[in-house]
Each structure stands twice: as structure tokens, then as C-alpha cells.
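Structure first, then comments.
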Amino acid sequence: MSKPRVALLAFCVATAALVVQTPAHAAPGTAHHVTVLRGADQPQPHSVARPVAGPVSLSASGGGCQNVSDARPCVSYKAGSKALWGDFYLNSRTRGECKANVFIFVNGQPRYQYTVDTYSLGHYPLDSEPVSGSGRGYTSVDFLDCDGGWIFTANSPDQYWP
């Protein structure tokens with residue numbers, strides 16, 4: 001392989017490593033200003049949990065992403081880690097979105113993940129929530145204006161796991 005091709009290949013590999021998203025807890029602030037609030041400072045979700053009743057599955061089913069207003073929240077289940085994984089995309093900022101509080105609901109219970117500034121469009125950090133047994137979960141993102149007022153909530157589709 002010629003030297004220019006080797007250099008181009010090395011550049012592509014290095015560039016690809018820069019765009020890989022990391023979990024929010026592993027590297028807060030990677031690509032976005034991520035804050036993880038603790039204890040009494042944690043926000044409560046604006047939305048009410050959806051009813052827990054749903055199909056029981058012998059294998060993981062459902063999940064994925066769903067367009068809701070300016071956002072696209074996503075959820076998946078990874079059997080190897082026994083965890084739900086949630087993230088979201090901000091597709092537009094037509095309502096003045098400045099911050100987002102991200103939750104993963106597990107069998108009707110909200111689990112706060114992180115708060116992030118939403119000044120740019122695109123993908124926001126992936127985070128996980130451990131689960132046990134079988135159940136249903138989804139990612140819920142509350143979008144706030146620059147004064148901290150609630151604008152809207154975007155929920156992913158339901159994810160079921162055995």
C-alpha cells in the first residue's frame with residue numbers, strides 16, 4: 001500500500017474514533033455538556049408513567065426510536081449487559097429547547113440518567129439502566145426552555161425483555 005493511502009487510512013480511523021458516542025456516565029461532557037445530578041437535586045419526570053401491563057415475551061422485542069415533535073428518543077435492551085440503553089436525537093429546535101432531562105422508565109418507575117444542554121442538533125449521549133427479571137421500559141426525555149420551564153416530553157417506543 002502506498003504512503004498516501006496508508007496516511008489516508010490512518011486519518012479515517014482516527015476521525016472515526018472521534019465520532020463514537022460514549023455512555024454519559026463513562027465520560028460526562030463528551031460532545032455535549034452532560035450533568036448527572038445526585039440525590040434531592042435529581043429532576044422528577046414531567047410525564048406520568050404509562051401503564052405497566054403489556055405482553056410478556058420469551059425474547060426481547062419492541063424498542064427502537066420514535067419521532068416526537070423535534071426529537072427522536074430511542075431505547076434498546078442488551079441481554080449481555082442485562083440493561084436498557086437509552087439516548088435521543090434532537091432534529092430541530094423550533095420550541096426553544098435549551099436543556100433535556102433524560103429518564104429510562106423500568107416497569108413504570110422513572111430512573112433519572114442525566115441532564116444535557118441542547119444547543120446543537122444531532123445525537124445525544126447513550127446511557128444504560130440495569131434491569132432484572134422480565135419487564136417493559138422506555139426512554140423519556142423532558143425538554144426545557146432556557147428558564148427551566150417544561151416545553152414537551154418525548155418517549156421512545158416500549159422495549160420488552162424476558
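The values are calculated or read from the model by the stated rules, or taken from the named source; none is laboratory data. Since we're looking at a predicted model, the values are computed, not measured. Glycine gets a Cβ as well: all are built from the backbone with ideal geometry, and neighbour counts include every protein chain shown. Accessible surface is based on the protein model in full, side chains and every heavy atom, while ligands, DNA and RNA are left aside. Shrake-Rupley method; radii C 1.70, N 1.55, O 1.52, S 1.80 Å.
Things worth noting here:
- Largest accessible area first, the residues Leu126, Leu121 order themselves as Leu121, Leu126 under a 1.4 Å probe with ligands, DNA and RNA left out.
- Largest accessible area first, the residues Arg95, Arg38 order themselves as Arg38, Arg95 under a 1.4 Å probe with ligands, DNA and RNA left out.
- 3J(HN,Hα) from dihedral phi, segment 118-131, Karplus parametrisation 6.51/-1.76/1.60, rounded to Hz, x for glycine, proline: 10, 7, 10, 7, x, 7, 10, x, 7, 9, 10, 9, x, 9
- Size descriptors for segment 87-162, from the alpha-carbon set: Rg then Dmax equal 13.1, 41 Å.
- When Trp161, Trp150 are compared by accessible surface with a 1.4 Å probe, the order from highest to lowest is Trp150, Trp161.
- Sequence-distant residues sharing a close amide H with Ser47 (under 5 Å, placed H): none
- Each Lys or Arg adds one and each Asp or Glu takes one away; over the other residues whose Cβ falls under 13 Å from the Cβ of Lys99, this sums to -3.
- Residues whose amide H comes within less than 5 Å of that of Ile151, counting only those at least five positions distant or on another chain, are Phe143, Leu144, Asp145 (H built at 1.01 Å from N in the peptide plane).
- A 1.4 Å probe, protein heavy atoms only, puts the accessible area of Ser134 near 60 Å².
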